[in-house]
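A short reminder: the numbers here are calculations on the coordinates, not readings from a lab. Just so you know, these numbers come straight off a predicted model, no measurement behind them. Note that we place each Cβ from the backbone using ideal geometry, even for glycine, and neighbour counts take in every protein chain shown.
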Amino acid sequence: MNLYNLLNGEITQQDLLRYYNASIIYEELPTGINGCVDYYKGIYSIYIDKNLSYYKEKKTLLHELAHIELNQLGQADKLLAFKRDKYEDEADRYIKLILDYVKKEQI
């Protein structure tokens, strides 16, 4: 079970959140931060800025789920701050790859 299954319509968002033991928390985040994900005691908490448009909210959620699928949370804690951009770019590329693949399959 992964983002591909979600984007391909095989599972629901709730199915994927249950699979990852994750929940979404909507709150006002600092300017410039659309979302983030935290992992504590086996539970993922995905924070999404409550002021985002529907489209930005969904895009942000996919991005944060990509961090989970790519197992980046444990790595990011151990590395210096300048590696942050690497993980952000990797999550974005991962989502684009999956979306492109799903589009090709639907043709």
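Farthest towards the positive end of the charge dipole of the chain, among the residues T12, S53, L99, is the Cα of L99, using unit charges on the Cβ of Lys, Arg, Asp and Glu. Modelled label positions at N8 and K50, each set 7 Å beyond Cα in the direction of Cβ, lie 3.7 nm from each other. At full extension, Y26 and V102 could sit 24.6 nm farther apart than now, given 0.36 nm per residue minus the alpha carbon distance.
Our summary gives the chain a relative contact order of 24 percent, counting only alpha carbon pairs under 8 angstrom and 6 or more residues apart. State the antiparallel share, in %, of DSSP beta bridges confined to the chain, rounding to the nearest 5. Close to 50 percent.
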